[in-house]
Amino acid sequence: MVSKKLVKHIALRAIVIYLTVVVAVYLTIIVANMGGKIDEFVLGDLYTSIYEQINRDPRYRSLPGPEKDKLVKQMFELEVKRLGYDRPFLERSFIYLKNALTLDLGRALFMTSDSGSRLVKNIILERLPNTVMLFTTVTVINFFIHLFLGLYLSRHYGSFFDKLVVALSPTSTLPGWFYGIFLILIFYTWLHVLPPGGMVDVPPPPDPISYALSVLKHMILPMASWIISGFFLGVYGTRTFFLIFSTEDYVEAAKAKGLPPRLIETRYILRPSLPPIVTNFALSLIGSWGGAIITETVFEWPGLGLVTWRAIQSFDTPVLVGITVIYAYLLAATVLILDFVYALIDPRIKAGIA
Amino acid sequence: MSSRPVSGIKATLKELLTYKSGVLGLAILAFLVAFSIYAVVTIPYDQAIKLWRGSEDIWIENPRAVPPEWWEIFVGRKLPRTIKLDSRIQTFGVSKAVTPIAGTDMKLVSISFMFDYQYDDYPSELNIFFHAKYTKDPPIVKITIQRPDGLTLEIPRFSLRAPNDSLYYSISEEVRKALALYAATKYGANVSDLLDQLELTFGKYSREGLEKGNLPVEKGIYRMNIEATCFGEDSDLEAKVVIYGQVYGPAGTDNLRRPLEIALLWGAPVALAFGLTASLVTSMLQMIIATIGAWYGGVVDSVIQRITEVYMILPFLPFLIIIAAFYKVDIWVILTVVIVLSIFGAGIKSTRALVLSIKEYPYIEAAKAYGASDWRIIFLYIIPKIIPPIVPGLIGAVPGYVFLEAALSFLGLGDPFLPTWGKVLNDAYNGGALYRGYYYWVLEPSILLMLTAFAFAFLGFALDRIVNPRLREM
């Protein structure tokens, strides 16, 4: 089944996608370094720390001022050389690129993980579960709500509920974080029933069950904000999508043949519409792992989005590049896998047309 | 896509009015445009920036973080307005008399302020600002307040520390001590710590209320007398008393006492200009790029396709935030960056598919046959044909950009000078509006943002139906 053409097609796609990742990561490195300007901050910091270190060292206390300055300068230059900062930025940018692409993410400039590690890998891995817990859950929930309600409405189109969903679909132009502010205003400020932010009560409950319940309680508002924001447009979109598929000629033909509605639905409507739905789902799932900078800021949810925001605030380039490269790889892998699956089922590729 | 002849803007507008969402969208949009014009005309750009950035000095006479005047409809009580009385401005209830003390170079300046306090709640603050003229010794001031119930409150004499001294009456410990002592001796009560200076000044005294710390407001005519002994020939004293209300103006104030209507008004033109420009320029550029790619095909097309794929991987929002945070740019630079980061967006793929099908149309073949140039075909034959299907998307994309600007401002990364809705939200969030219950502060910019989003969403929705008649049956 796996023909030569298919292998060639996939290999070609893989190369193209990988090159795309390389270009995207390189651009990120340039932007996140401000074209080398961040290095000036880093070197400034380095110089101050060496200066202080020597000033504090009792061995050098008796050294006269100019001598001390010379020593600081020497040590600084040595350190610059050790860290590779003596080479031009352009050259270094390619070293950064190579490190990023081989997932050698290195150390953060200023940030530390909650457990105190300076490694970018740890900073990211520590927060990833929180983001996945919140945003992947909500993405999956949204997917099923939109799918099933959309399917239901496409069957009952023209009904009151259908018209309501169509009429309310503009509400989805408001982003999730915006609804988040309203929800906090209602459920925290006014009714005092739910926490306004954070992931767990302070201090965290000792036993795992009440800990989990506390986390769950903190998840309600951020999740609700995304579900409300996506609801009407999502359902409307899926419904219209199914409606378009259900007016295809082959569906009419199946109906004319007198096939049972159930069979028409599963085999004639659902199956051909599945690939784009799965693509969308896969992409939004990957997208959800990046977290949502603004929603996480509003709710102070300690996920990747908040780390990204903190990294931007503290000019921590390695963390930013690390997050981007992981995200780029995940996205690229997903696109490639989807390509492969479609190539398997698409007869045109087997025939070598596309 | 639509094969109907495009019958011009007028016809589309007419058709738009047959849709409820179209009418609603247009109505809101008209309101917002009028709102923006009003903002730009009444508060010029420079003045808006100056007023908004002017710290507390400009706004010292405004109450701090209070809701708008119409808020009292929801509260159901008459909330106090700000009362300002100035001895330099002769109005009803203000009088000033200067009597030289015979045999000395001293004089007695007595200023009297009278006001009618008919509100159901206490003021939020009370400050007295002095402007004294003296050569060596500053004036010695005594303040008494005659209440409607006949009681006279006395604040002990004090000497001004500077020519422009002020007495922060509502937070002064001296004032509280004097008032509490007076109430305690008069009623033999153990005055509760819950009562502040203002409650002890404007409250209806009763023994029980004083001990519980719960006094109703004493309504009626109050008279505040400021008596000062001034030293020296040309010495003089002027005073201004500000009794801060609990509501202010049409939109309330923030924690820096700034009237919110400045930012709310100016937010409208900024949001409209930002959203429309971003959406228009992005859509147009995407359209042109996609058309060129699809028309020429080959290397040009694949380069464009590859760039689009690179753009898919670039983290759009983090990029934008990095640039906004690192470079501290103004709103027009942000706009440019947004456009640059979106021109190779998802729109390219759909437009390309559209152009690929139009390329095969007979009229294009004909154009090629009579030797029309590539540019002529692209700009005069293809692009006019694909503009109508793009317009609904363009209009529908505006709210996204409006919220993008709001999101950046919300993170504190917007334009450093211009007041915008997102900035008000950011101030509210940082000022603890969500925790302290300053509902108006969050709701006002939010509702305006919502109105803007809905106007364009409704319009886009209706236009979509006009341009894609197939949707109409669904």
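Things to note:
- Any chance residue A:285 is buried (at least 18 other Cβ atoms within 10 Å of the Cβ) and closer than 16 Å to residue A:131 by Cα: no
- Residue in the stretch B:220-235 that is part of a helix (DSSP H, G or I), open to solvent by less than 10 Å² (accessible area, probe 1.4 Å), assigned by the TED database to the domain that holds residue B:120 and not small (Gly, Ala, Ser) present: no
- Of B:16, B:24, B:108, all but one fail to be within 14 Å of another protein chain (Cβ to nearest Cβ) and surrounded by 13 or more Cβ atoms within 10 Å (Cβ to Cβ); the exception is B:24.
- When residue B:419 is tested against (1) part of a helix (DSSP H, G or I); (2) within 11 Å of the chain's Cα centre (by Cα), just one condition goes unmet, and that condition is (1).
- Any hit, the stretch A:245-254, residues being in contact (Cβ under 8 Å) with a residue 60 or more places away in the chain, part of a helix (DSSP H, G or I) and more than 10 Å from chain B (Cβ to nearest Cβ): yes
- Contact map, the stretch B:446-470: residues that are at the interface with another protein chain (Cβ under 9 Å from one of its Cβ atoms) and farther than 30 Å from residue B:426 by Cα paired with residues that are open to solvent by 10 Å² or more (accessible area, probe 1.4 Å) and hydroxyl-bearing (Ser, Thr, Tyr), Cβ distance under 7 Å, separation 6+ or inter-chain. Pairs shown: B:461/B:21.
- When A:141, A:124, A:184 are screened for being under 19 Å from the mean Cα position of the chain (by Cα) and open to solvent by less than 30 Å² (accessible area, probe 1.4 Å), only A:124 passes.
- Number of the exception - residue A:192 against (1) open to solvent by 40 Å² or more (accessible area, probe 1.4 Å); (2) at negative phi: (2)
- Residue check, residue B:137 closer than 30 Å to residue B:184 by Cα and open to solvent by 20 Å² or more (accessible area, probe 1.4 Å): no
- Residue A:93 falls short on exactly one of the conditions (1) more than 14 Å from chain B (Cβ to nearest Cβ); (2) more than 27 Å from the chain's Cα centre (by Cα), and that condition is (2).
The rows are residues; the columns are (1) open to solvent by 20 Å² or more (accessible area, probe 1.4 Å); (2) without any contact (Cβ under 8 Å) to a residue 60 or more places away in the chain; (3) touching a helix residue (DSSP H, G or I) at 6+ places or on another chain (Cβ under 9 Å); (4) more than 10 Å from every other protein chain (Cβ to nearest Cβ).
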site	(1), (2), (3), (4)
B:399	no, no, yes, no
B:403	no, yes, yes, no
B:409	no, yes, yes, yes
B:419	no, no, yes, yes
B:425	no, yes, yes, no
B:429	yes, yes, yes, no
B:435	yes, yes, yes, no
B:439	yes, no, yes, no
B:443	yes, yes, yes, no
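- Residue count for the stretch A:148-190, restricted to those that are within 8 Å of chain B (Cβ to nearest Cβ) and assigned to a loop (DSSP other than H, G, I, E, B): 3.
- Of the helices (runs of 4 or more DSSP H) lying entirely inside the stretch B:257-371, those containing at least 1 residues that are buried (at least 19 other Cβ atoms within 10 Å of the Cβ) are B:260-296, B:298-313, B:316-327, B:331-342, B:347-358.
- Checking each residue in the stretch B:307-344 for being within 7 Å of chain A (Cβ to nearest Cβ) and more than 25 Å from residue B:417 (Cα to Cα) picks out B:309, B:310, B:313, B:314, B:315.
The values are calculated or read from the model by the stated rules, or taken from the named source; none is laboratory data. Treat the numbers as computed from the prediction; the structure is a model and nothing was measured. We place every Cβ from the backbone using ideal geometry, glycine too, and count neighbours over all the protein chains shown. Ligands, DNA and RNA are excluded from the accessible area calculation, which covers all protein heavy atoms including side chains. Shrake-Rupley method; radii C 1.70, N 1.55, O 1.52, S 1.80 Å.
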